[in-house]
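Read-outs: derived from the displayed coordinates by stated rules, not from any lab. Just so we're clear, the structure is a prediction, and the values are computed from it rather than from any experiment. Please note: Cβ atoms are built from the backbone with ideal geometry, for glycine as well, and neighbour counts cover all protein chains shown.
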Amino acid sequence: MIIKTLFDKTARDENFHTGWGISFLIDERLIFDTGEKGPWLMKNIEKLNVDLNRVEAIVISHDHWDHWGGLWDLLRAGKCKKIYSCKNFGDEFKYRSKELGAQLVETVDFEEIFENFYLSGQMDGLFENSYIAEQSLIIRTQNGINIITGCAHPGILKIVEKVRNKFNAEEIYSITGGFHLMDDDSNEIELVAQNLKNTGIKKIYPTHCSGDKAAAIFREKFGDGFGEVIVGENITI
């Protein structure tokens, strides 16, 4: 299965827009998060020849501007009307989504949304000492279980633990997304990386808010299992 990076902070082709936040197209049928700015996301989508008519739903990981920034332009384009958010997203997000015609599904518990596509359910996290609700996407492929995170505000280790418990310790093949380690010190990041390595995870793709220091540590720990997230390029899971 293919994850195509629609938006992130790094691109090899200068014609792509880059910035804060992430957006992934998965199996050509689901978009996970929408980056910071609608026009930038839409330009990248156009350059990549993405057929939005094939996209069945959008998952928004959490209620921050850099993860739903492109959503409004997608909705105005009349595409991808089914949106999965967390129950505890703010009223402004919910109102704006519905005003633009979205079919908003507010998740609380773990659930399967397509065959082999799951949402972690709403998990509690902190951002700048304030509560934030967040969900992750889980995909089962022939390689194993794959986790996609927005910012991992609940903690990447807690997310992995929940997923392992739900799938009876099935092998986790990959984790991709923001791990929110950019403000952590090297010792803390080392512990996280080693813990994830010990679970048997084969592939790791830390990006966005993971931080350069974390990327270097994960690269050292995972070796060939470390991968970069680059706008316009694919990850195979």
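So in the range 10-132, what percent of DSSP beta bridges are antiparallel if you round to the nearest 5? If you can, show how the numbers build up before the last one.
Numbers: 9 of 19 bridges.
Roughly 45 percent of the beta bridges in the range 10-132 run antiparallel, per DSSP.
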Between Lys158 and Asn88, what is the label-to-label distance in nm when each label sits 7 Å out along the Cα-to-Cβ direction?
0.9 nm
Highest GNM mean-square fluctuation, the chain, Cα pairs closer than 10 Å: which of Thr176, Thr199, Thr34?
Thr199
Determine the relative contact order of the chain: mean sequence separation of Cα pairs under 8 Å and six or more apart, normalised by residue count, in whole percent.
18 percent
Largest to smallest principal axis extent of the C-alpha atoms in the range 144-189, angstrom:
32, 17, 16
Beta bridge orientation in the chain: antiparallel %, DSSP, nearest 5
55 percent
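Quick one: divide the alpha-carbon radius of gyration of the range 2-236 by 2.2 N^0.38 Å and tell me what you get. Mind showing how you got there, number by number?
Values: Rg = 16.4 Å, N = 235, 2.2 N^0.38 = 17.5 Å.
For the range 2-236, the normalised Cα radius of gyration comes out at 0.94.
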Among Asn44, Asn88, Asn198, residue whose mean-square fluctuation peaks in a GNM of the chain (springs only between Cα atoms under 10 Å)
Asn198
Using amide H atoms built 1.01 Å from N in the peptide plane, name the residues 5+ places from Leu30, or on other chains, whose amide H lies under 5 Å from its own.
Glu56
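What stretch of the chain, leaving out the sites themselves, is the longest with no GluC sites (Glu not before Pro) in a DSSP loop having at most 12 other Cβ atoms within 10 Å? Don't skip to the end; give the middle numbers.
Values: sites that count: Glu14, Glu115, Glu128, Glu170.
In short, 15-114.
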